[in-house]
Amino acid sequence: MEIRILGVENGILSDRFGSNGSDFKEDMPTRSFGFLVDDVPPGTACLAGIFDDPDSVPVSGFIWIHWCFANLREHGMKENASRLGGDFVQGTNSWHSALGDFSRREAIGYGGPSPPAEHEYRFRVFALSSLLEIEDGFYMNELMKKIRGKVLAHASAYARYSPKV
C-alpha cells in the first residue's frame, strides 16, 4: 500500500495547508490536503488516517495531532474534504487539547501545521477489515484502540512545512 499526498512537491507540503495559507478558523489552518492510496489490499472495508507532527515534542511535549479520520470507504480524499465533508468521520485535533482555544467540537477535523521552525510531518493510513464504531470528535487514542486486530495494511508518507519567513 502506498500514499500520495497531493500538494507535496520535493517533500514540501504546499503553503495553503498550514499557517502560510488563507483558510482559517481563528488561528487554526483548516484547508486539508488531498491524497490517494494505491494498492489497497483486497478485503479492505475502509481506511483510517492520522496526520501528526513528531517534531513537536521539544516544543509542546507531545506529538501534535493535526488530523485523524476513520471509515473512509474511498481510496483517497479531495483537497479540503475535511471542511467539505464526506463519507467518513473525523477526530479531534491537538488545537483543542494543547491550546484550549477550541472546544472539542470546534477542533474536529483538520487543524494544519503552524510550526515555529521547519518540521517534518507524518501521514499514516491504515486499511481496515471492517468499519469502526466511532463518531465525530473521537480522540486519536480511541482510534488506535478501535483499529486493533483490524489492520490489513498500513503506509506512511512524510512532508516538511515551514513558517513564513
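Subtracting the Cα-Cα distance from 0.36 nm times the residue separation, let me have the gained length for E9 to A45 in nm, one decimal.
Value of the extension gain: 9.9 nm.
Net charge within 11 Å of L132 by Cβ-Cβ distance, Lys/Arg positive one each and Asp/Glu negative one each, not counting L132 itself? It would help to have the intermediate numbers written out before the result.
On the way: positive: K145, K146, R148, K150; negative: E133, E135, E142.
Around L132, the charge tally is +1.
Each label point is 7 Å from the Cα along the Cα-to-Cβ direction; what then is the distance between the points at E26 and E74, in nm?
So the two model labels end up 3.1 nm from each other.
Treat every Asp and Glu Cβ in the chain as -1 and every Lys and Arg Cβ as +1, leave all other atoms uncharged, and give the resulting dipole magnitude about the Cα centre to the nearest 20 debye.
Details: 17 positive and 22 negative charges, 55 e Å.
Here the chain has a charge dipole of around 260 debye.
Under 20 Å between alpha carbons, and skipping anything fewer than 8 positions from K146 in its own chain: which aspartates and glutamates qualify?
Hits, sequence-local ones excluded: D52, E74, D87, E133, E135, D136.
With Cβ to Cβ distances under 13 Å as the rule, what net charge do the other residues near S14 carry (K, R +1; D, E -1)? Spell out each step's value before the answer.
Numbers: positive: R16, R31, R160; negative: E9, D15, D23, E79.
Residues near S14 contribute -1 overall.
Counting only helical runs of four or more DSSP H residues, what would the 222 nm mean residue ellipticity of the chain come to if each run contributes -39,500 (n - 2.57) and the total is spread over all its residues? Numbers along the way, then the final one.
Numbers: 4 runs with 20 residues, N = 165.
That comes out to -2500 deg cm²/dmol.
Compute the normalised compactness of segment 51-139: alpha-carbon radius of gyration over 2.2 N^0.38 Å, N being the residue count.
Working: Rg = 13.3 Å, N = 89, 2.2 N^0.38 = 12.1 Å.
The value comes to 1.10.
Which order do the peptides 32-38, 105-111, 1-7 come out in when sorted by mean C-beta neighbours inside 10 angstrom, highest first? Intermediate values should be presented prior to the final figure.
Numbers: 32-38: 19.4, 105-111: 21.9, 1-7: 16.0.
Top to bottom by mean Cβ count within 10 Å: 105-111, 32-38, 1-7.
PRE reach from R105 (point 7 Å along Cα→Cβ): which of segment 135-152 fall under 18 Å by backbone N?
Once the point is set 7 Å along Cα→Cβ of R105, 135-139 turn out to lie under 18 Å by backbone N, inside segment 135-152.
Please state the relative contact order of the chain as a whole percent: Cα pairs under 8 Å, 6+ residues apart?
Over the chain, the number comes to 29 percent.
All of the numbers you see were taken from the coordinates with simple rules; none came from a lab. These numbers come from a predicted model, not from an experiment. As a convention, Cβ positions derive from the backbone with ideal geometry for all residues, glycine included, and neighbour counts pool all protein chains shown.
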